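Everything on this sheet refers to the single structure shown next.
The values are calculated or read from the model by the stated rules, or taken from the named source; none is laboratory data. Just so it is clear, the structure is predicted and the values come from calculations on it, not from any experiment. Note that we place each Cβ from the backbone using ideal geometry, even for glycine, and neighbour counts take in every protein chain shown. Just so you know, the surface numbers come from the protein's heavy atoms only, side chains and all, with ligands and any DNA or RNA stripped out. Shrake-Rupley method; radii C 1.70, N 1.55, O 1.52, S 1.80 Å.
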Amino acid sequence: PQELKSIEKDLKRLEKLMASKKFSIEKVDFSIVRTTIDEIKGALAQARSEFDQGNFEDARDALQIIHEGSHPGEIFGILQQLREMGQRLKGVKAGVKEAFHEVLTPVYEAIQNGDFREANMMLQDIRNDLWRLFDKVKGKSGVNEDMQQKLQNLEERLQQKQQQIQEEKPGSGPQSYQPYQASILDAAFNWLTGIFGR
């Protein structure tokens, strides 16, 4: 019951975020997010029903979609981070913006495939370095060679992380489930480090 409450709470936060008028993220297809939200609601309703009837194993099985990468907390986390990044990129020239979007392609692909945990884990892996690069491109009209190299390194790290996640995907029976979430404290620390340096 505690897990159900936690998921429902995260789902409310996610729906509130999606409902805000000015909420948009370049390169993210929101129809996929909305479809996933509907699937989560269906899974929650079924799990709640099974739980109320005392079918605890079936209730856990009903939450499978959430355990496989569609936890509303993870969806909220990845959308929030991408929105922050989009806001940071608003002031930069189109060429620079495109270079950053190119780096984030594996993250966008994971979202497109409905694997929000994978997207979240990949973004967390490069987040600090990405924030530092945002600060360096402010006011620049293009991406110099040094910056291009740093962006390419980040892209390679993302692809390695993606490969690592694919290899570690559970294929062997039930495991205890912990959603992958960047904590608010981590996010605040990363943000401050991005501003003031290490």
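Suppose the filter is open to solvent by 40 Å² or more (accessible area, probe 1.4 Å), over 22 Å from residue 164 (Cα atoms) and outside any loop (DSSP other than H, G, I, E, B); does residue 16 pass it? The answer is yes for residue 16.
The helices (runs of 4 or more DSSP H) found entirely in the stretch 43-151 that carry 3 or more residues being open to solvent by less than 70 Å² (accessible area, probe 1.4 Å), under 21 Å from residue 8 (Cα atoms) and out of contact with any Cys (no Cβ under 9 Å at 6 or more places or on another chain) are 64-67, 72-89, 116-137. Pairing residues of the stretch 36-48 that are under 14 Å from residue 6 (Cβ atoms) with residues that are among the charged types (D, E, K, R) and open to solvent by 10 Å² or more (accessible area, probe 1.4 Å), at Cβ distances under 7 Å and at least 6 apart in sequence or on separate chains, gives 44/8. Taking the stretch 11-28 as the range and being more than 16 Å from residue 89 (Cα to Cα) and either among the acidic types (Asp, Glu) or under 15 Å from the mean Cα position of the chain (by Cα) (or both) as the test, the residues that pass are 11, 13, 14, 15, 17, 18.
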